[in-house]
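This report concerns only the one structure given below.
The values are calculated or read from the model by the stated rules, or taken from the named source; none is laboratory data. Bear in mind the structure is a predicted one, so any value in this text is a computation, not a measurement. For neighbour counting, all protein chains shown are included, and Cβ atoms are generated from backbone atoms with ideal geometry for every residue, glycine included. With ligands, DNA and RNA removed, areas are computed over all heavy atoms of the protein, side chains included. Shrake-Rupley method; radii C 1.70, N 1.55, O 1.52, S 1.80 Å.
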2 protein chains.
Amino acid sequence: MRVTIADVARIAGVSKTTVSRVLNTRDEVDHSTRAHVREVIDRLGYVPSSGAVGLARGTSRTVGMLVPSLTWPWMGEVLQGVVDTVEAAGFGLLLFTCNRGTDSVERFTSQVSAGAFDGLLAVEPEDTLAMLAALHRKGLPVVLIDDRGRHPEFPHVTAANREGGAAAAGHLLAVGRRRPLVLAGPLRFGCVRDRLDGFEDAYAAGGCPLDPALVIESDFTEADGRETVRRLLSEGRTFDAVFAHNDLAAVGALAALRTAGLRVPDDVAVIGFDDIPMAGLMYPPLTTVQQPMREMGETAARMLLALLAGEELSDPSVVLPTSVVIRQSTAGV
Amino acid sequence: MRVTIADVARIAGVSKTTVSRVLNTRDEVDHSTRAHVREVIDRLGYVPSSGAVGLARGTSRTVGMLVPSLTWPWMGEVLQGVVDTVEAAGFGLLLFTCNRGTDSVERFTSQVSAGAFDGLLAVEPEDTLAMLAALHRKGLPVVLIDDRGRHPEFPHVTAANREGGAAAAGHLLAVGRRRPLVLAGPLRFGCVRDRLDGFEDAYAAGGCPLDPALVIESDFTEADGRETVRRLLSEGRTFDAVFAHNDLAAVGALAALRTAGLRVPDDVAVIGFDDIPMAGLMYPPLTTVQQPMREMGETAARMLLALLAGEELSDPSVVLPTSVVIRQSTAGV
DNA sequence: CTGAAAGCGCTTACAG
DNA sequence: CTGAAAGCGCTTACAG
């Protein structure tokens, strides 16, 4: 049987109130009483029932996390950052995905109403944004880990996409590339427009404005990156670099260039975005703009915990710096 | 304010007992009463507090999952399988990692005592096995997703490692490789010994027993795979194939062979194990023995849910089939 | 078929 | 400094 606070109280010869105070408050308890109760707690191995504590206090000391998919290459890093931070604060992490339509969305919202968690971390909530906004308005603390949209109504953390795009341009210009192909992500995403703007402006400032025919919307997949580059080459387009808006598309570009008999980086330099764990293991190793995924997870988790502690966020919109990781796909050997 | 069962009861003009029965039982309630209560529940948007239900019922309808790391290449697939299954059953998933020593282990065990979840899924619990065994003995339902050890004391799901090793051998023999290098994982892992046994036996049966000097213990990392192959080549060893016990090591082998000027698969064929998401995106695309990671997650989750439902497991030790995915690193173009 | 009451294991005014 | 009692929001015998 479970050891309860009543057991501890009885054996220690005090009231449940006193045991509760030993557990939860720093003062109001006589030193020797406190020591004695502590001893009994340890001896019995008593741990308060989280359900009962939650019911009495009206809080669960648990945060929820909603992700669109767990199999994206960088999701593990974000998750690890979140879990580490949340665990260290003594909170639990309840994980949800929303990849199966209304059914799972409904189940998720009912978990919210059920008070299963006190606050929510959401990654790139494209389809679920309206729902989240409703929950947020009803008082659920929410922090977005959001690399796609622009959501000033939520506290959120993103990477410095514009600066990342500019840095990619700076690097390509530095290695002498004047005619880059841009394999953009879906243009409805804020992050994509930011990366593009930063890149375009930097190229213009460098004295060679982009050729609009070489800015192509793609969909962040390896397959589409590969196919797009193949098609452009077959149409006779020329370019001396590829800036892909994510690493998967860059890997696709690598494959298409190889198939076409072009050398990377000699004929065409390739730079990606994300720095997924496999980026350095590609052939050639992929130069890329790094997003600090783990740190983004940690930061978002810290923000949510602060909110739950009743603190004001000094800055509800955190932008973490990106940086170019130079590897052989742009640098040669 | 939260809508409670008392609100529903008052507005519907019935007792809390009746509302509870409408919520939880199929019978014992008059048809029209039931309909009326349902209507009030919907109108008010009432959702029972999971904490209160848990306290009253002594169960949390939540399962825990303990993983050593969230950033391993195949972990996302396992997690996705688990989350999908658990969510579909209306359970929550509480995620824990144990990468920060005794501190996090202690925090984890206290969550168990706190009754935060009803059952546990654990992935490759090398260091935490003793702790898990203790919890299991105390009555916590546990299912292992375990590709490393052999733990007959727990219900668990693994991949068919021995058969996978044999299949790798069969494939290499079929493409004419008679002198393979084996880049084994740490030999203390059961899965490693199984893969090795299957591979060795199949090669022996094929008429060419392995050269013991070409069976090397490695550590499942890309760096060690690369370094080991580099060293062997520099020592003048010859081999016409590499069987790596995981895909990361295989990717390392690919890099070392390339650096040495050897062609894959012409000079040396390479086959890995796992089929991580990036395997097909390598150059050349990596032939590998696929472990059904997502299915392993789903199966383990289903087993745990069955246990929680009070069912007996028809088979507490489930072995899921592996299969060779043939790509260019062994097959040429 | 329905309800009053006790109980799940805590916390928290309130009183002393 | 300490405790009796009410309350958190449910479920579940028990009685009718």
* Structure fact -> With all protein chains present, region B:97-240 has a carbon and sulfur share of its accessible area (1.4 Å probe) in percent of 51 percent
* Solvent exposure of region A:5-48 as accessible area per residue, Å², 1.4 Å probe -> 63 Å²
* Asked: By how many nm would the segment from residue B:17 to residue B:179 lengthen if fully extended, with 0.36 nm per residue of separation less the alpha-carbon distance?
  -> 50.9 nm
* Structure fact -> The size of the Cβ-based charge dipole (Lys, Arg +1; Asp, Glu -1) of the protein assembly as shown about the Cα centre, to the nearest 20 debye, is 900 debye
* **Helical mean residue ellipticity (222 nm; -39500 (n - 2.57) per DSSP H run of 4+; nearest 500) of the protein assembly as shown** => -14000 deg cm²/dmol
* Report, for residue A:7, each distance to the same residue's label point in the other copies, shortest first and in nm; define the point 7 Å along Cα→Cβ. => 3.7
* For chain B, what does the alpha-carbon gyration tensor say about shape, rounded, prolate or oblate, given a ≥ b ≥ c as the root eigenvalues, a/c under 1.5 as rounded, and a/b over b/c as prolate? -> prolate
* Structure fact -> Any GluC sites (Glu not before Pro) in region B:237-333 that lie in a DSSP loop and have at most 15 other Cβ atoms within 10 Å would be B:311, B:312
* Could you work out the mean count of beta carbons from other protein chains within 10 Å of each residue's beta carbon in B:112-121? => 4
* Most to least packed among A:180-191, B:242-253 [average Cβ atoms within 10 Å] -> B:242-253, A:180-191
* How compact and how long is region A:5-48, expressed as Rg and Dmax of its alpha-carbon atoms in Å? -> 9.0, 24
* Averaged over B:277-285, how many beta carbons belonging to a partner chain fall within 10 Å of each residue's beta carbon? -> 5
* Structure fact -> Env charge @ residue B:291, Cβ radius under 11 Å, K,R +1 / D,E -1, value -4
* Asked: What percent does the relative contact order of chain B come to when contacts are Cα pairs within less than 8 Å and at least six residues apart?
  -> 17 percent
* Asked: Rounded, prolate or oblate: which one fits region A:72-129, using the alpha carbon gyration tensor with axes a ≥ b ≥ c (rounded when a/c is under 1.5, else prolate when a/b beats b/c, else oblate)?
  -> oblate
* Chain lengthening between residue A:30 and residue A:263 when straightened (0.36 nm per residue, less Cα-Cα) -> 76.2 nm
* Which value, in debye to the nearest 20, describes the size of the charge dipole of region A:5-48 about its Cα centre when Lys and Arg Cβ atoms bear +1, Asp and Glu Cβ atoms bear -1, and nothing else is charged? -> 80 debye
* Per-selection Kirkwood Rh - the protein assembly as shown (Cα, Å, 1 d.p.) -> 27.6 Å
* Over the whole of A:70-81, what's the average partner chain Cβ count within 10 Å per residue? Rounded to a whole number, please. => 6
* Which value in nm describes the separation of the simple spin-label points at residue B:153 and residue A:309, placed 7 Å from the Cα toward the beta carbon? -> 4.0 nm
* Structure fact -> One finds, for residue A:208 and residue B:320 with R0 = 56 angstrom and r their Cβ-Cβ distance, a FRET efficiency to the nearest 0.05 of 0.55
* Asked: Out of the DSSP beta bridges found with both residues in the protein assembly as shown, what percent are antiparallel (nearest 5)?
  -> 10 percent
* Asked: Which shape class applies to region B:130-277: rounded if a/c is under 1.5, otherwise prolate when a/b exceeds b/c and oblate if not, where a ≥ b ≥ c are the square roots of the Cα gyration tensor eigenvalues?
  -> prolate
* Structure fact -> Of all DSSP beta bridges having both residues in chain A, the percent classed as antiparallel (nearest 5) is 10 percent
* Shortest-first distances to equivalent copies, position residue B:29, nm, label 7 Å out along Cβ -> 4.2
